[in-house]
Amino acid sequence: MPKTTAWPLALALVCLIIYASLYPFSEWRNQGISPLRFLASPLPKYWTGFDVGINLMGYAPLGFLLAVSALRSRRVAWAASVAVLSAGLLSLAMETLQNYLPSRIPSNVDLALNTLGAWLGACCALALERSGLIDRWSRLRARWFSADARSVLVLLLLWPLALLFPASVPMGLGQVFERLESALADALADTPFLEWLPVREVELQPLVPLAELVCVALGALIPCLLGYCVIRALRQRAVFAAAALAVGLAASALSAALSYGPEHAWAWLDVPVQAGIGLAVVLAALMLAAPPRAAAALTLLALAIHLGLLNQAPADPYFAQTLQIWEQGRFIQFYGLVQWLGWLWPYAALAGVLARLSSPEPKAPAGEK
């Protein structure tokens, strides 16, 4: 039986909740009061529908995923209880730790709403289980994907979210060299180790149109190749590749609309980008018949070239201004989380592909073509 993706997705969601609950992780202090005092505090006089909704919806997916994980582990009777208890304990821990952050205020109402949200999510999972939809999804997944597809599916589900972080090159994720170099220099300032840091003799140069075309093409092709690692049927690969490219275009347009305004949603789709998308379509079609391990090797090669080209270019001034808007303005509710996805997703994919190539190839089920 294929391993469920609900558990790693639940772990990813737990990390998201911890990040959002404790950001900015600075200026910790002890107020000298009981950290559980907020449990007996009077109800707040003022609250908004947004506050209620965000606390409910923040934990509903976690309750759903934890309940699905329990159901897939044959713990049907305890699925909802395990999900709600686990989510409630997580919320209690986050609210308690907020006592030590000057920018956060612990709330018993938030705790209650988080737990209620987890309960609603768990109830949704149980309803889907009783209707047979979860079993149908399991059968559909078994037909489409190999039994070892869990890690790849998690990466593919996170890819559109990573694209919401505005990139200097469309579809270009993982451009970290310039920032990493600057951060390392700041960290080593006033220490003898600063002299050990390699110094570039030439400033990073913007990508020429041909290099940008290749970066766009590889950025769009990589999720297609990842899917080929766990999908064997040619027709299913073709459907998946078309869907992946469409989702990538839509996520990039949404990112541009949220960053620059709806009227600029497609402004990034210039001639080199259009040519890059077209090249990605051609390459995805040519590689439809690649065996899974060959697809993994091609994914590794595409990631290496993509990251090598992308990290040789600087962020242009307009892109830097966009990042400032992202980090200080419209997307403050994300607390910078999506930018971490944009930076780290390709490296997580790189690690996942290396792990697949280093492990024995699983045997295909009898009768599979």
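For the chain, the 222 nm mean residue ellipticity estimated from helices alone, with every DSSP H stretch of n ≥ 4 adding -39500 (n - 2.57) and the total spread over all residues, rounds to -22000 deg cm²/dmol. On the basis of the beta-carbon distance and an R0 of 22 Å, residue 39 and residue 12 show a calculated FRET efficiency of 0.15. A Förster radius of 45 Å combined with the Cβ-Cβ distance from residue 266 to residue 78 puts the calculated FRET efficiency at roughly 0.40. Centre-to-centre separation between the Cα atoms of the stretch 98-134 and those of the stretch 228-256: 31 Å. Which of the listed residues, 301, 98, 10, is farthest toward the dipole's positive end in the chain, when Lys, Arg count +1 and Asp, Glu count -1 at the beta-carbon? In the chain, that residue is 10.
Applying a length cut-off of 20 Å (Cα extent along the axis) and a mean Kyte-Doolittle floor of -1.0 to the DSSP H helices of the chain leaves 6-22, 49-72, 79-97, 108-131, 150-163, 209-230, 234-260, 271-286, 292-310, 337-358.
If the convex hull of the alpha-carbon atoms of the stretch 150-358 is projected onto planes in all directions, what is the mean projected area in square nanometres? If you can, show how the numbers build up before the last one.
Values: hull surface 52.2 nm².
Mean projected area for the stretch 150-358: 13.0 nm², to one decimal.
Taking the Cα centre of the stretch 53-177 as reference, the dipole from Cβ charges on Lys and Arg (+1) and Asp and Glu (-1) amounts to some 520 debye. Estimated at 0.36 nm per residue, the fully extended path between residue 182 and residue 147 surpasses their Cα-Cα distance by 8.4 nm. Using R0 = 51 Å, the C-beta based FRET efficiency linking residue 127 and residue 358 works out to 0.80. Given [x] 305; [y] 199; [z] 183, which label gives volume of the Cα convex hull per residue in Å³ as computed from the coordinates? Identified label for the calculated read-out: [z]. Dipole size of the chain about its Cα centre, with +1 on Lys/Arg Cβ and -1 on Asp/Glu Cβ: approximately 2040 debye, rounded to the nearest 20.
None of the figures in this text is laboratory data; all of them are computed from the coordinates on show. Values in this document were obtained by computation on a predicted structure and should not be read as measured data. Here Cβ is always computed from backbone atoms with ideal geometry, including for glycine, and neighbour counts include all displayed protein chains.
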